[in-house]
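Here is the structure we will look at, set down as structure tokens.
The values are calculated or read from the model by the stated rules, or taken from the named source; none is laboratory data. Given the structure is predicted, the values throughout are model-derived calculations rather than measurements. Because the Cβ atoms are built from the backbone with ideal geometry, glycine has one as well, and the counts that use them run over all protein chains shown. Only protein heavy atoms, including side chains, enter the accessible area calculation; ligands, DNA and RNA are left aside. Shrake-Rupley method; radii C 1.70, N 1.55, O 1.52, S 1.80 Å.
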Amino acid sequence: LDIGGGSGAFSIMICRKNPGMNARILEFPEVCNTGEFFVSGEDPEVAKRIKYVRGSCLDEWPADLGENHDAVLISYVSESVPHEAVPMMYERAFSRLRPGGMLIVHSFMVDDSLDGPLLGALWSLQHIAVNANGMGLHPANVGEMMTKAGFGDVTTNEMIGGMTKVIIGKKP
């Protein structure tokens with residue numbers, strides 16, 4: 001389940017590399033149109049396993065997103081919504097996962113010390129211009145929200161050096 005999956009790039013790559021996997025992407029209707037165009041250019045075996053669901057991560061998640069997912073990916077979304085929506089998204093992700101499933105949060109983040117890295121801080125700073133009610137992210141606050149939503153075994157990994165981090169939590 002890919003929340004705010006945009007063009008579908010992550011879901012496309014996952015489905016290319018994992019022939020048994022399916023993806024659902026929750027996205028704004030106008031973005032779905034563009035994403036569906038990209039998906040339609042894929043091998044039919046891949047394209048048939050990727051489905052867009054029109055909606056917003058801020059609204060009630062539609063039933064046709066399904067249940068008992070292996071993973072929920074929230075990439076470049078947590079910093080793009082009002083700060084009070086972030087815990088709600090993680091709670092909704094928890095409710096859509098099977099036991100043992102994982103929430104993967106990927107975003108521009110600073111370190112827990114809040115003093116860098118520079119590129120992660122600059123990205124967060126520029127985001128204020130488009131999301132004044134947003135939340136500056138760092139691994140500890142993302143991990144805390146995931147834990148409050150019910151996730152355990154929360155781990156942090158650096159993704160794009162000096163800019164992004166991946167926080168993964170597992171549903172018991």
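For this structure, a couple of remarks:
- Magnitude of the charge dipole for the chain, about its Cα centre and with charges confined to Cβ atoms of Lys, Arg (+1) and Asp, Glu (-1), is about 460 debye.
- Hz values of 3J(HN,Hα) by residue in segment 118-125 - Karplus curve (6.51, -1.76, 1.60), Gly and Pro given as x: 4, 5, x, 5, 5, 4, 4, 5
- Coupling constants for segment 148-158 follow from the phi torsions by the Karplus curve (6.51 cos²θ - 1.76 cosθ + 1.60, θ = phi - 60°), and in residue order they are 5, 7, x, 6, x, 6, 6, 10, 10, 9, 7 Hz; glycine and proline get x.
- In this simple spin-label approximation, Glu158 and Asp111 carry label points 7 Å from Cα along the Cα→Cβ vector, and these lie 0.9 nm apart.
- Degrees separating the helix 85-96 axis from the principal Cα axis of the chain, which is the longest one: 40 degrees
- Candidate lysines - alpha carbon under 16 Å from Lys148, same-chain residues fewer than 8 apart omitted: Lys170, Lys171
- Highest mobility in the GNM of the chain, judged by mean-square fluctuation with C-alpha springs under 10 Å and restricted to Leu65, Leu122, Leu103, is found for Leu122.
- Antiparallel beta bridges, as assigned by DSSP with both residues in the chain, represent about 45 percent of the total such bridges.
- Accessible surface calculations at 1.4 Å, restricted to protein heavy atoms, place segment 72-172 at 47 Å² per residue.
- Stretching the chain fully between Ser95 and Phe28 yields a gain of 22.0 nm (0.36 nm per residue, less the alpha carbon separation).
- Partner lysines whose Cα lies under 18 Å from the Cα of Lys48, excluding those fewer than 8 positions away in the same chain, are identified as Lys17.
- Rg and Dmax of the chain, both derived from C-alpha coordinates alone, stand at 15.7, 47 Å.
- Calculated mean residue ellipticity at 222 nm for the chain: -9500 deg cm²/dmol, from DSSP H runs with n ≥ 4 weighted as -39500 (n - 2.57), summed, divided by the residue count and rounded to 500.
- Rounded to the nearest 20 debye, the dipole size of segment 26-127 about its Cα centre is 260 debye, using +1 on the Cβ of Lys and Arg and -1 on the Cβ of Asp and Glu.
- Segment 1-45 - accessible surface per residue (Å², probe 1.4 Å): 56 Å²
- Heavy-atom accessible surface of the chain: percent carbon and sulfur, 1.4 Å: 60 percent
- In sequence order, calculated HN-Hα J values of segment 13-27 (Karplus, 6.51, -1.76, 1.60; Hz; x Gly/Pro): 5, 4, 6, 4, 7, 10, x, x, 8, 10, 9, 10, 10, 8, 7
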